[in-house]
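Report on the structure given below.
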Amino acid sequence: MIILILKERTESAELRTYKSLNARMDLARADQKQCDYLESGYEGEKIFDGWVEHAGEGLILNDLLFVTGGSHYQMDSLYIAPQKIYLFEVKNMYGDHYIEKEEWISCGAKTEVKNPILQLKRCESLLRRQLQILRCPLPVEAYVVFVNPHFHLYHAPLHSPMIFPSQWDRFSQRLKSIRMPQGLHSELAEKLLSLHVEKSPYERRPDFRYEELRKGIVCGGCGRLGMDALSRDQLVCVNCGQKERFKNSVLRSVEEFRLLFPEKKITSEQIHEWCGNIKNSRSIQKILKENFVRVGRSRGTNYEEKK
């Protein structure tokens, strides 16, 4: 069985922002809740990816954001098969829930949660409209996929567009019966990719100032501050013990800095301070020279991304 992934799944800018700030400051309760929600959602999507990549043959597009008729809508995964398009909305929900009319309620907290079916129907409707614009005759079949085995939904309608973990194997048998002729629908996939919008209007961003953030290098493994010098060109995390080349740590820190402060210029002094003054500024300056374009001279020197 061959799955061709035309758009890989990556962490969103919003998630990367929250994770960075979570390591460098004490988030407000609402911001910490949003950070946990985003992390849980991404973990659930990766679980889904592991399942669907072995489920059948087809073309997969992940993390798509479209604008149709002035409305933004986000899709976790599109699975393009020969005779139809599957739209998957992935949910990593936990605990017991029940449905009362169209309301979804958490049994533990007795609070209403967002109804994923309504979200799915909106995305499905807008996607159908977009496919009509593209003159694509393929029908759309949409599902909410629940990935957490510790989730249970009471009063679920019998014929509902939901796939629970216990149903994965049976659903995958349907996909395994699909045979994708070589080259089929690749043109459609390219058209859909060209419609993807990078910047989401729904992204949230906590309030923060540079001066308030803890400086240092965040570990690429455990996501905590605490990278310290181990040797001349290697660092080690004091929290989890993961080792990494100094160059790689600095480049990752530069990307983090650019994410949080896109308006600030990248200088060796600035990055040296951002990395917690670890090692010396000359080492960082050399790394910037090798990987970025130098702009200006002397005290006004800064670095920009290579075109």
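The values are calculated or read from the model by the stated rules, or taken from the named source; none is laboratory data. Nothing here was measured: the structure is a model prediction, and the numbers come from that model. All Cβ positions, glycine included, derive from the backbone under ideal geometry; neighbour counts span all protein chains shown. Protein only, heavy atoms only, side chains kept; ligands, DNA and RNA dropped before computing areas. Shrake-Rupley method; radii C 1.70, N 1.55, O 1.52, S 1.80 Å.
Check whether at least one residue in the range 63-73 is free of Cβ contacts under 8 Å to residues at least 60 places away in the same chain, within 16 Å of L126 (Cβ to Cβ), open to solvent by 60 Å² or more (accessible area, probe 1.4 Å) and not in a helix (DSSP H, G or I), and report yes or no.
yes
Collect the residues in the range 133-150 that are in a strand (DSSP E or B) and open to solvent by 20 Å² or more (accessible area, probe 1.4 Å), keeping them in residue-number order.
E141, Y143
Name the residue that is surrounded by the most Cβ atoms within 10 Å (Cβ to Cβ), counting only residues in the range 9-41 that are in a loop (DSSP other than H, G, I, E, B) and either of a type in the set (F, W, Y) or more than 10 Å from the chain's Cα centre (by Cα) (or both).
The extreme case among them is L27.
Inside the range 269-297, can you point out the residues that are polar (S, T, N, Q), surrounded by 14 or more Cβ atoms within 10 Å (Cβ to Cβ) and free of Cβ contacts under 8 Å to residues at least 24 places away in the same chain?
Listed by number, the residues that qualify are Q270, S281, Q285.
On the given criteria, is E256 open to solvent by 60 Å² or more (accessible area, probe 1.4 Å), part of a helix (DSSP H, G or I) and either touching a residue at least 12 places away in the same chain (Cβ under 8 Å) or closer than 24 Å to G221 by Cα (or both)?
Taking the combined requirement at face value, the residue does not satisfy it.
Among (1) hydrophobic (A, V, I, L, M, F, W, C); (2) over 17 Å from the mean Cα position of the chain (by Cα); (3) assigned to a strand (DSSP E or B), there is one condition F88 misses while meeting the rest; what is its number?
Of everything listed in (1) hydrophobic (A, V, I, L, M, F, W, C); (2) over 17 Å from the mean Cα position of the chain (by Cα); (3) assigned to a strand (DSSP E or B), F88 misses just condition (2).
Which is at pLDDT 95 or above and touching a Lys or Arg at 6+ places or on another chain (Cβ under 6 Å), of R29, R24?
Matching residue, one of R29, R24: R24.
Any idea how many residues of the range 243-253 are in contact with a Leu (Cβ under 6 Å, 6 or more places away or on another chain) and in a helix (DSSP H, G or I)?
2
For the range 190-238, what are the residues that are of a type in the set (K, R) and either in a loop (DSSP other than H, G, I, E, B) or in contact with a helix residue (DSSP H, G or I) (Cβ under 9 Å, 6 or more places away or on another chain) (or both)?
Result: K199, R204, R205, R209, R214, K215, R224, R232.
State yes or no: is A81 within 23 Å of R9 (Cβ to Cβ), at pLDDT below 95 and among the hydrophobic types (A, V, I, L, M, F, W, C)?
Yes: the conditions hold for A81.
Within the range 191-204, restricting attention to residues that are surrounded by 11 or more Cβ atoms within 10 Å (Cβ to Cβ) and over 15 Å from the mean Cα position of the chain (by Cα), which residue is farthest from S12 (Cα to Cα)?
So the residue we want is K191.
Which condition number does E212 fail, the rest of (1) modelled with pLDDT under 95; (2) surrounded by fewer than 12 Cβ atoms within 10 Å (Cβ to Cβ); (3) closer than 30 Å to D31 by Cα being met?
That leaves (1) as the condition not met.
Taking the stated definitions as given, is Q167 part of a helix (DSSP H, G or I), at pLDDT 90 or above and under 21 Å from D36 (Cα atoms)?
no
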